[in-house]
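Working notes, beginning with the structure itself.
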Amino acid sequence: MTDISEFVDKCIEKHGKFLVPILQDIQERFNYLPEEALREVANRLKIPLVDVYGVATFYKSFSFVPKGRHVITVCLGTACHVRGGRRIVDAISRELKINPGETTPDLNFTLETVYCLGCCALGPVVVIDGKYWGHMTPNKVLSIIRRMREEAKQA
Amino acid sequence: MRRITSIADLEALRRKLQEKYRAKKLRIIVCGGTGCRSNRSMEVVEAFKKEIKSLGLENKIDLKVSGCHGFCERGPIVVIHPEQIFYQRVKPEDVPEILERLTRGEVVDRLLYEDPNTGRKIKHVYEIPFYAKQKRIVLSKNGLIDPTSIEDYIATGGYKALAKALQMKPEEIIEEIKRSGLRGRGGAGFPTGKKWEITRMQKSDVKYIVCNCDEGDPGAYMDRSVLEGNPHSVIEGMIIGAYAIGANKGWIYVRYEYPLAVKHATLAVHQARELGLLGENILGSGFSFDIEIVKGAGAFVCGEETALLQSIEGKRPSPRQRPPYPAEKGLFGKPTCINNVKTWANVPYIIERGADWFSSIGTKTSKGTKVFSLVGKVKNSGLVEVPMGITIRELVYDIGGGAPDGKKVKAVQIGGPSGGCIPEELFDLPIDYESLTEVGSMMGSGGVIVMDENTCMVDTAKYFMKFLKDESCGKCVSCREGTQRMYEILSDITEGKASEEDLQLLEELANVVKDASLCGLGQTAPNPVLTTLRYFREEYLAHIREKRCPAGVCKALIKYTIDPEKCTGCDACRINCPVGAITGKPKEPHSIIQEKCIKCGICRDVCKFGAVIVS
C-alpha cells in the first residue's frame, strides 16, 4: 500500500462518508490533491470520480498542483478593496512574475487572493504563512518578500 | 470538571464559579480578536503575564484574553475592570507603566482615547462616542469573558436561559420567540419563531438544526466575532432551539478562512459536552442533543441555505429549488431548521429576559438590535451593535466618526454583494428590513462599507460583479452568463470603451438576472449595479461621455503627473518606481514618462510633499 492510499484510509475512518473534510485533510497533508488520492477516495466511497472532482473544483481551498513553501494571501474584501488591495496584488504579481493562484517555478511562493479575512480595520491586509500584516502598501509588502527571499538564499 | 445532571447542579456550580470570578479585585482584559491579534495583542498578553508575576500580583489581578471588543481601528485594546479604563494601541513596552500606575490608582494618559472632535482624553469605555450610542446584547459579553472558558460564561449568567427553557414546554418557547419579533439575522429577515414552528410541525422521527456561519460577504465579520468571542451563547441558543423544535443533532458550519472561530467553537462544544450540557439527557430533562462542527472549503454560495446543506452532505453545493424548504426537507432529506449565528445568539437573551423586553427595542417591524461591521473609509472602523431603527447618519457619523482625512462621505454599501449603495442624501433613513429594501438595498448580514469622494461607484459595481461572477455556482444560465456579461460591460465603462447604449443593455440585463435566477445570489446580484445606476448615473456618464473617472480610480482613465512647484527633487519616487518611468536629477523637479507608467501609485505613496497628482 502506498503512502497515499494509507492516508486516504485514515481520513475515511475519521470522517466516514463526509467528502469535504476528507479532501481537506488530504489537502493539508500533501499541500494539494494528488490524482491518486482522489481516485482512491472515489473507489473507497463508491462514488463516481467525476463527483469527487466536481466537489474538489468547486472550492477555493483545494488545489490540483502543489503550493509553494510560502503562501501569500492578499485580502480583496470590500474594505481592503476601497483601501487599495488590488495595488498590493499587482505589486506582488510584478515582483514574483506570477498571477494570483499561481506558484513560482522554484516552488518558493504561491500568490492567492481571498474575499475578506474579517480584519477590515487593518486593511489592506496580507497574510504570509499564517501571519497577518495590516495597513499594507505595495512597498511594504515588497520589502517583506525581498527579505524572505534573502533568508531563503542564506538557508 | 464534573458532569452536571440537574438544574440545581448547574446553579450550585454557578455560585462556585461566581465566587472564583469575583475573587480578584482587578481584571485586565486584553482583546484577542483576529484584528487585535494581527496587531501583536498576544505579545501584550505575554508582557502582562511576565510583569504581573515579577510584581507578585497574581493574587490580585485576573488577566484575561477576550473576544473582539469591536473598536478594531484602535487595537490592541486593553480594558481594566471594574473601572472600565480603556487603553488603545497598547504595545508590549507599555505594560510595565500600565501596571505601575494601576497599583497607584493612576492611568497612563497617552494610551487613552482622544475624542477627535474635542481633543479631550476619555478614560472609560462607556464615555467613548463609538460605544455610547451602541446597545450591546449579542456582543454584551464579548469583551468581558474568555471565550475558551465555559467557566467564565457560566459565571456571567450563561446557560441560565437553557435551564429556564428546559422547564418550559417546547410550544411555549416557540411562542415566546414568535412574540419577541426576532427575524433572521442572516439578512433575509424571515421570522425565526415561525421557522421553528414549521420545522416542529413536520412529521419525522429525525430533525436537524444548523447554525450558518459561512459568512462570505466581503467586508463583514460579525458572525466570526460572535463565534470567536462568545461561542457558548451560540451553543446555548442552539440547544434551546433544538429542544423547541424536537431535533437531536445540530451542525455549526464555519468558513475555513476563520481559523480562530473554528478553534473556539470546537473547544466550546467539547467543554459543553464534558459538562453534560450537550449529549444524553441534558440537565436531567430527558432531552438529548449534540453538535458537530463543519468547516467550509471556500465558496460564497454555501451561505445560501440549500447549498450549505449540500456541502455538509459532501455534494457539489449548488442551490436547489425551494419549496420544499429545508424546514420541510433539508439535510439528508429530513426537516432542518437553519439559522444564522446571531439569530441563535439572540435566543438565550430573549428566553431569559422575555419577549416583551426584546420587542421593546427597535421598530414596529424590526425588533431588537443589529450587529454591523462598519468598515471602509471611516474613522472608527469596527464592530458595532445598534438598536434597529437607528439612522444611517447616526451609524456613520456619531459612531463611525465620518471619513478620515477630512474627506466627504459619498455613500454606504449595506448588505454585502447582494446589497446596494445608498447615497449620502438618504442617510436619515432608519435601518430596518423594510426601509433598506425600499431604497434598493437590503439588510443583509451586516456589512456596512463607507465610501468617500475617492471611491469610484462604477469601480465599486465592477468589484462586486467580479466577486459574484467568480462565486456564481454556474447552475442557472441567467446568473452564470449574466454576471459575466455585466462584468464585461462594467469593465468596458471603466476603460472608457463603452457607449450609452451599453448602459441601457446593462440595465436590461440586470433586470433579467434578477427575475430569472434560482437562488438569492443571482436574484440580488444586480443590486449593486442597479443602485449605483439609480443614485450615481452621472458617474457612469462621466466615464462614457468624457472618458473621465471623477474619483480618480479607474486606471485607464487617469494619469499620474508631478507638480513641479511642490516637487523638491528628493528622488524617492524615481528610486521606488518599479518600471523606471520617472526621470529627474536630485534636487530638481522630476517628471513621469507617460508611455512607461503603469499607474501603480507607488510614487504617490512615497512622496512626502504631495507632489504626485492623479488627474
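The residues packed around B:Cys519, meaning those with a beta-carbon under 11 Å from its beta-carbon, carry a net charge of +1 if Lys and Arg are +1 and Asp and Glu are -1. One equal scatterer on each Cα of segment B:425-572, no solvent, Debye formula: the resulting log10 I(q)/I(0) at q = 0.08, 0.11, 0.19 Å⁻¹ is -0.27, -0.48, -1.17.
Rounded to the nearest Hz, the phi-derived 3J(HN,Hα) couplings of segment B:39-44 under the Karplus curve 6.51 cos²θ - 1.76 cosθ + 1.60 (θ = phi - 60°) are 9, 6, 5, 5, 6, 5, where x marks glycine and proline. All C-alpha pair distances within segment B:221-320, sorted into 5 Å bins from zero, spread as 3, 13, 22, 21, 20, 14, 6, 2, 0 percent across the bins.
FRET efficiency for the pair B:Lys20 and B:Glu595, taken as 1/(1 + (r/R0)^6) with r the Cβ-Cβ distance and R0 = 51 Å, rounds to 0.10. The accessible surface of chain B, taken with every protein chain in place and a 1.4 Å probe, is 50 percent carbon and sulfur. May I ask you to list the residues of segment B:481-500 whose amide nitrogen lies under 14 Å from a point 7 Å from Cα along the Cα→beta-carbon direction of B:Leu541? Hits in segment B:481-500 for B:Leu541 at 14 Å: B:500. In this rough spin-label picture, where each label sits 7 Å from Cα along the Cβ direction, the B:Val108-A:Arg147 distance is 2.3 nm.
Sort B:Leu17, B:Leu541 from largest to smallest accessible area, using a 1.4 Å probe on the heavy atoms of the protein chains.
Working: B:Leu17 15, B:Leu541 35 Å².
Heavy-atom accessible area, descending, gives B:Leu541, B:Leu17.
The mean count of C-beta atoms from other chains within 10 Å of the C-beta of residues in B:288-297, rounded to a whole number, is 3.
Quick one: what do you get for chain B if you divide its Cα Rg by 2.2 N^0.38 Å?
On the way: Rg = 26.4 Å, N = 615, 2.2 N^0.38 = 25.2 Å.
Its radius of gyration relative to the 2.2 N^0.38 Å reference: 1.04.
Rounded to 0.05, the FRET efficiency of the B:Lys497 and B:Asp405 pair, given R0 = 35 Å and the Cβ-Cβ distance, is 0.60. Each residue was assigned an accessible area with a 1.4 Å probe, and for A:His15 the value is about 40 Å². Summarising the strand pairing of chain B, around 55 percent of its internal DSSP beta bridges are antiparallel.
Against the 2.2 N^0.38 Å scaling, with N counting residues, where does the protein assembly as shown land? I'd like the Cα-based Rg ratio to two decimal places. Please report the intermediate quantities before stating the final value.
Values: Rg = 26.6 Å, N = 770, 2.2 N^0.38 = 27.5 Å.
So the protein assembly as shown has a normalised radius of gyration of 0.97.
Compared with the direct C-alpha span, the chain from B:Lys121 to B:Ile613 gains 173.5 nm at full extension, assuming 0.36 nm per residue. Of all DSSP bridge pairs formed entirely within the protein assembly as shown, close to 55 percent run antiparallel. The distance between label points at A:Ile47 and B:Arg353 comes to 4.4 nm (points 7 Å beyond Cα on the Cα→Cβ vector). Backbone amide hydrogens, once placed in the peptide plane, bring A:Phe109 within less than 5 Å of A:Arg69, A:His70, A:Thr104, excluding anything fewer than 5 places away on its chain. Highest average first, the peptides B:244-256, B:602-614 ordered by how many other beta carbon atoms sit within 10 Å of their residues are B:244-256, B:602-614. Remark on B:Arg185: its backbone amide H falls under 5 Å from those of B:Asn340, B:Thr343, a criterion applied only to residues 5 or more positions apart or on other chains, H modelled at 1.01 Å from N.
Between B:Glu425 and B:Ser6, what is the FRET efficiency for a Förster distance of 60 Å, r being their Cβ-Cβ separation, to the nearest 0.05?
On the way: r = 59 Å, r/R0 = 0.99.
Between B:Glu425 and B:Ser6 the formula returns 0.50.
If you take the Cα centroid of segment A:68-141 and the Cα centroid of segment A:38-61, the two points sit 29 Å apart.
Coupling constants for segment B:316-321 follow from the phi torsions by the Karplus curve (6.51 cos²θ - 1.76 cosθ + 1.60, θ = phi - 60°), and in residue order they are 4, x, 8, x, 10, 4 Hz; glycine and proline get x.
Tally the DSSP beta bridges in chain A and give the antiparallel ones as a percent, rounded to 5. Let's see the in-between values first.
Numbers: 7 of 13 bridges.
That works out to approximately 55 percent antiparallel.
Compute the distance from the alpha-carbon center of segment B:247-292 to that of segment B:572-595, in whole Å. Here the answer is 60 Å between Cα centres. Counting heavy atoms of the protein chains alone, B:Lys379 has an accessible area of about 70 Å² for a 1.4 Å probe.
What does the average come to when, for each residue of peptide A:107-119, you count the partner chain Cβ atoms lying within 10 Å of its Cβ? Provide the component values of the computation, followed by the final result.
On the way: counts 0, 0, 0, 0, 0, 0, 1, 3, 12, 16, 10, 24, 14.
For peptide A:107-119, the averaged partner shielding equals 6.
Take the Cα pairs of chain A, get the Kirkwood Rh, then feed it into Stokes-Einstein at 10 °C and 1.306 mPa s and tell me D in µm²/s. If you can, show how the numbers build up before the last one.
On the way: Rh = 17.0 Å.
Using the Kirkwood radius from Cα pairs, D works out to 93 µm²/s.
Residues B:Arg27, B:Arg537 ordered from highest to lowest accessible area at a 1.4 Å probe: B:Arg537, B:Arg27.
Looking at segment A:3-58, the accessible area is 54 square angstrom per residue; that uses a 1.4 Å probe and ignores ligands, DNA and RNA.
Excluding ligands, DNA and RNA, what is the accessible area buried between chains B and A, summed over both sides, using a 1.4 Å probe, to the nearest 100 Å²? Before the final figure, lay out each step's value.
Working: alone 25390 and 9340 Å², together 30920 Å².
Counting both chains, the buried surface is close to 3800 Å².
With every protein chain in place and a 1.4 angstrom probe, the accessible-area ranking of B:Ser225, B:Ser149, B:Ser285, largest first, reads B:Ser285, B:Ser149, B:Ser225.
Derived scalar couplings between HN and Hα for segment B:523-539 equal 4, 9, 3, x, 3, x, 5, 5, 6, 5, 5, 6, 9, 10, 4, 4, 5 Hz in order, rounded to whole Hz, by the Karplus curve 6.51 cos²θ - 1.76 cosθ + 1.60 (θ = phi - 60°), x for Gly and Pro.
The mean number of Cβ atoms from other chains found within 10 Å of a Cβ in peptide B:31-38 is 4, as a whole number. I'd like the distance separating the alpha-carbon centroids of segment B:435-455 and segment B:153-197, in whole Å. The two parts, judged by their Cα centres, are 29 Å apart.
Per residue of the protein assembly as shown, what 222 nm ellipticity follows from adding -39500 (n - 2.57) for every DSSP H run with n ≥ 4, rounded to the nearest 500? Don't skip to the answer; put the middle values down first.
Numbers: 31 runs with 319 residues, N = 770.
Rounded to the nearest 500, it is -12500 deg cm²/dmol.
The charge dipole of chain B, taken about the Cα centre with unit charges on the Cβ atoms of Lys, Arg (+1) and Asp, Glu (-1), comes to about 1120 debye, rounded to the nearest 20.
If one computes P(r) from the Cα atoms of segment A:3-58, what percent of pairs lie at distances over 18 Å?
Values: 239 of 1540 pairs.
So the portion of pairs separated by more than 18 Å is 16 percent.
DSSP loop (so not H, G, I, E, B), at most 10 other Cβ within 10 Å: list which trypsin sites (Lys or Arg not before Pro) in segment B:175-216 pass both filters. Answer by residue number: B:Lys203. Taking all protein chains as they are arranged and a probe of 1.4 Å, the heavy atoms of B:Ser180 leave approximately 0 Å² accessible to solvent.
Here's how it looks for B:Gly447: its modeled amide H is under 5 Å from those of B:Ser373, B:Gly415, B:Gly416, which are all 5 or more places away or on a different chain. Highest average first, the peptides B:455-462, B:353-360, B:329-336 ordered by how many other beta carbon atoms sit within 10 Å of their residues are B:455-462, B:329-336, B:353-360.
The values are calculated or read from the model by the stated rules, or taken from the named source; none is laboratory data. Model, not experiment: these values are computed from the prediction. Glycine gets a Cβ as well: all are built from the backbone with ideal geometry, and neighbour counts include every protein chain shown. Note: accessible area is taken over every heavy atom of the protein model, side chains too, but ligands, DNA and RNA are not part of it. Shrake-Rupley method; radii C 1.70, N 1.55, O 1.52, S 1.80 Å.
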